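The values are calculated or read from the model by the stated rules, or taken from the named source; none is laboratory data. Quantities reported herein were computed from a predicted structural model and do not represent experimental measurements. Don't worry about glycine lacking a Cβ; one is built from the backbone with ideal geometry, like all the others, and counts go over all protein chains shown.
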Amino acid sequence: MKRFTPHFQGRPWVDGLEVIHAYLVPRAGVDDELIALAHACRPALLEYPIDLACPPEVGDPGTLHVTVEMVADAPAADISAGERTDLVHALRERLADVSPFATELGPPIGTSAGALLDVWPEDEAEELRERVRAAIRETRGDVALQHDGGRLHCSLGYSYDAADPDPLNSRLRALTPRRAPLHVDSLHLLNVRFEVAKDTGGWRLSWEPIAEIPLGG
């Protein structure tokens, strides 16, 4: 495990920069099992230099999310209101015939960047990601798809210093249940901001909503 640094357009993130992303976001009252799993990981994660996505309050999803795609051709400040409207419209059209679905996240894994939960089964989530990419490509061009997020996952927190993840993984493996459902019936388009936290020196994420696009219209 080492200090996590986000990237934009192939370069390290600029402190305070905002970039438009499409996320899946768990909801209290719907995804309580998933939120409970994330909170069950807190005691182990707190012993490591990880800025946690879920706050201390049980049931609060905090900034738990699954990144679907980044709009990488320009910072959020350079994308006009009209261009955002065009993107939202394209997303609504592409997702209008995608039925809501449920998948699972887990098990918790310590990584070089912190800790995460993988998405599995991933077929429907990957199909959703391809629809989102098509909408971004339609409105922004191929240049807007520069981000390779790899396998879909939910971050439990980002590391702000170096540590050996092996003991962490031993503790995480002892947790049960090891997986929890995520119910997907909408996509969130957000202004995502990373800034260097004054207390840890690590990168901390926050966001502001742009639009919530329902699946199936």
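Keeping to region 159-196, report how many residues are of a type in the set (A, V, I, L, M, F, W, C), part of a loop (DSSP other than H, G, I, E, B) and surrounded by 14 or more Cβ atoms within 10 Å (Cβ to Cβ). Adding up the residues that qualify gives 2. Report yes if residue 199 is free of Cβ contacts under 8 Å to residues at least 24 places away in the same chain, in a loop (DSSP other than H, G, I, E, B), closer than 30 Å to residue 81 by Cβ and charged (D, E, K, R), otherwise no. Here the answer is no, as residue 199 does not meet what is asked.
Taken over region 144-158, residues that are crowded, with 19+ Cβ neighbours inside 10 Å and part of a loop (DSSP other than H, G, I, E, B) amount to 1.
Got a number for residues in region 1-24 being of a type in the set (A, V, I, L, M) and touching an Asp or Glu at 6+ places or on another chain (Cβ under 9 Å)? Selection size over region 1-24: 3.
Checking each residue of region 32-46 against the condition of being closer than 30 Å to residue 87 by Cβ, part of a loop (DSSP other than H, G, I, E, B) and either among the aliphatic types (A, V, I, L, M) or at pLDDT below 95 (or both) gives no match.
So in region 111-143, with the set limited to residues that are over 16 Å from the mean Cα position of the chain (by Cα) and among the small types (Gly, Ala, Ser), which one is surrounded by the most Cβ atoms within 10 Å (Cβ to Cβ)? Among those residues, the one meeting the criterion is 135.
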